[in-house]
Amino acid sequence: LLVFSLVFYLVHVYHKRRDLFANIPPGPKPWPVVGNFGHLLIPSFIRRRFGQQQDSTDRNAMAVLTEQANTYGNVYSIFVGTQLMVVLNGYEVVKDALSNHPEVFSDRPDIPAITIMTKRKGIVFAPYGPVWRKQRKFCHSTLRKFGLGKLSLEPCILQGLATIKTELLQLNKESGADAAVDLAPLISNAVSNVICSLILGQRFNHEDREFRNLLDLMDRGLEICVNSSAVLINIFPLLYYWPFGVFKELRQVEGDITVFLKRIIAKHHETLDPDHPRDLVDIYLLEMLAQQAAGEQDSSFTEDYLFYIVGDLFIAGTDTTTNSVLWILLYMALHPDVQDKVQAEIDEVVGTHRVLSLTDKGTLPFTEATIMEVQRLTVAVPLAIPHMASETTEFRGYTIPKGTVIVPNLWSVHRDPTQWDDPDRFNPARFLDDEGNLLRKECFIPFGIGRRVCMGEQLAKMELFLQVTSLLQAFKFRLPEGTPPPSLRGRFGLTLAPCPYTVCVSPRR
Ligand code: HEM
């Protein structure tokens, strides 16, 4: 009877799944067990691994995914293992799903490696629902306070830039104008310091041991999660507890970050002054205490939740902005004519000596168009963060079963030939009208679209503007003589980083 029941149950499940999957979007035939992922991405992985010659036409994973749409249409299916994923391509489809059907497509999937670490709390990977909504609304409005007024992060960004400038000038003096410089650590330090000011209320000296330690831990944690055998946790979650190798190291790194952040939160609690909140942690703690005082028993505002939000902001706000600045400076070195034009505009409007400020935003259209054009072509978070269908739904003639992972391919939106002329060409002028004024284009969505749109968009735009304009006002960036330009395919982890590169930096005055 037991065997009969089991067989009956399995047949029933099989038929239910077959019926549910009868009308899913078309897609490449999956391989048994591994699904399509290996088939689509392994060829590019092998090329990268074995250092095959790469040039600017070399395709990355996003280009491979975008190409599939030519065969299967803008809504197609792939499988990772047995998990169905639907890839959305092109502006109309992505907008239709995320803006017109937000109630269905705004959830996040339960990815074992991430769930183990985030407990599905915080904002980035929290399920769509009332808790996420309240937390996001509160944090979003708090972030806005750091754009203007006495909590403004502008002085902090400018201070970071002053440090970068001093270090570049020093390097120039010591090693000459032809020395090749890796800009990544300088930019990363400055960006991380902005997040530290936002969350922890303090900037750190770049050499500070505690600061270096935190950045190293975050880097290592991300590296393990994305680029090591720890990804197997997503298939066999129990591997997380394996007492050897990267699994053990991952738990160690996670433990160290937890101790660091919990200590910071406890310190804030001890020194909290309700009349003078210093940073986001203070503002959150005050809200938490207010809700407790009001007797809200089931409030989600707790120190535990705050811990996951702080982690989210560090992860979401550092690599994204750092990589965007690095891409922009790389494009400037690759296109000296555009760099000259940007510098001429800054010289004319701001001058050669005055420190740039946020009030200059809106007065430098060509510079802003250039920043946007690099963001369009490079897309820092090219596949957004995975979404999930929270119920079975009909979408564009197909059935999308509940639990399907939805991948909004922002890369394809920014190269959608129905929206952009000659989409692969670098052309900042596409963001300008005939009078040279900045054009806002709806299909430009580097921060995503819909309910899950990036929460730090305003802060990121502020940082990109100040960093790029200030550095280009002060320095000229060019590729070292005789070295081939780096491949523009980038390195895809959680975000799309440029392949490591160096540039020669010379002061303009
Ligand atoms: C989510 C882009 C900087 C906080 C996202 C998403 C994208 C994105 C594409 C996913 C949207 C989706 O899932 O549909 C970027 C880019 C940045 C940047 C390109 C820099 C140039 C920042 C900064 C912060 C931040 C500075 C905070 C300090 C977040 C958060 C989410 C998010 C919290 C999750 C939102 C949610 O799930 O509700 N970002 N981001 N981001 N970003 Fe950003």
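A few notes on this one:
- Semi-axis lengths (Å, descending) of the ellipsoid that matches the C-alpha gyration tensor of the range 123-169: 33, 14, 4
- Taking the C-alpha atoms of the range 426-496, convex hull volume expressed per residue in Å³: 168
- Beta bridges by DSSP in the chain, antiparallel share as percent, to the nearest 5: 85
- Using the Cβ-Cβ distance between Ser152 and Arg440 with R0 set to 35 Å, the FRET efficiency works out to roughly 0.90.
- Taking the range 355-509 and dividing mean pair separation by its residue count, relative contact order in percent (alpha carbons under 8 Å, at least six apart): 26
- Selection of trypsin sites (Lys or Arg not before Pro), the range 403-455, meeting DSSP coil and at most 11 other Cβ within 10 Å: Arg425, Arg440
- Proximal charge balance of Ser152 [Cβ under 12 Å; K/R count +1, D/E count -1]: +2
- Length gained when the stretch Thr115-Thr483 is fully extended (0.36 nm per residue, less Cα-Cα span): 128.1 nm
- Carbon/sulfur fraction of accessible area - the range 91-210, other protein chains in place, 1.4 Å, %: 55
- Restricting the range 323-423 to chymotrypsin sites (Phe, Trp or Tyr not before Pro) in coil, as DSSP defines it, with at most 13 other Cβ within 10 Å: none
- Size of charge dipole - the chain - debye, nearest 20, with Cβ of Lys, Arg +1 and Asp, Glu -1, no other charges: 1040
- Total formal charge among the other residues, if their Cβ is under 14 angstrom from that of Arg451, Lys/Arg +1 and Asp/Glu -1: +4
- For the pair Lys29 and Glu457, a Förster radius of 45 Å applied to the C-beta separation gives a FRET efficiency near 0.70, rounded to the nearest 0.05.
- Mean separation of Cα pairs under 8 Å and 6 or more residues apart, divided by the residue count, gives the range 136-238 a relative contact order of 20 percent.
- In this calculation the C-beta distance from Thr258 to Leu238 is compared with R0 = 22 Å, giving a FRET efficiency of 0.60.
- Charging the Cβ of each Asp and Glu at -1 and of each Lys and Arg at +1, and nothing else, the dipole of the range 277-422 about its Cα centre rounds to 280 debye.
- Size estimate for the range 285-377 follows the Kirkwood approach: the inverse of mean 1/r over distinct Cα pairs works out to 16.9 Å.
- Using a probe of 1.4 angstrom and keeping all protein chains present, the accessible surface of the chain works out to 48 square angstrom per residue.
- Selected from Thr392, Phe426, Ala474, residue furthest toward positive end of dipole (the range 374-477; charges at beta carbon): Thr392
- Distance distribution P(r), the chain, all Cα-Cα pairs, bin width 20 angstrom from 0: 20, 55, 23, 2, 0 percent.
- Taking a straight Cα-Cα cut-off under 12 Å and skipping sequence neighbours fewer than 8 places away in the same chain, the aspartates and glutamates within cross-link reach of Lys402 are Asp107, Glu391, Glu394.
- Charge-dipole axis of the chain as Lys and Arg at +1 and Asp and Glu at -1 on Cβ define it, positive-most pick from Cys225, Ile195, Ser5: Ser5
- Compared with the direct C-alpha span, the chain from Val7 to Glu223 gains 73.4 nm at full extension, assuming 0.36 nm per residue.
- By the Kirkwood approach, averaging reciprocal distances over each pair of separate Cα atoms, the range 111-261 gets a hydrodynamic radius of 18.3 Å.
- Charge tally in the Cβ shell below 11 Å around Gln135, where Lys, Arg are +1 and Asp, Glu are -1, Gln135 excluded: +3
- One compactness figure for the range 197-301 is 1.38, namely its Cα radius of gyration divided by 2.2 N^0.38 Å.
- Dipole-positive endmost among Leu161, Thr258, Ala460 within the chain (Cβ charges, Cα centre): Thr258
- Cβ-placed point charges (K, R +1; D, E -1), dipole of the range 303-360 about Cα centre in debye, nearest 20: 160
- Computed over the chain, relative contact order equals 24 percent, with contacts defined as Cα pairs under 8 Å that lie 6+ residues apart.
- Added length on full extension, which subtracts the Cα-Cα distance from 0.36 nm per residue, Asp422 to Glu348: 23.6 nm
- The convex hull defined by the C-alpha atoms of the range 382-480 has an orientation-averaged projected area of 9.8 nm².
- Inter-probe distance in nm under a simple model that places probes 7 Å from Cα toward Cβ, at Ala290 and Leu169: 4.4
The values are calculated or read from the model by the stated rules, or taken from the named source; none is laboratory data. What you see is a predicted model; the values in this text were computed from it and never measured. Cβ sites come from the backbone with ideal geometry, for glycine too, and all protein chains shown count toward neighbours. All accessible areas refer to the heavy atoms of the entire protein, side chains included, with ligands and DNA or RNA removed. Shrake-Rupley method; radii C 1.70, N 1.55, O 1.52, S 1.80 Å.
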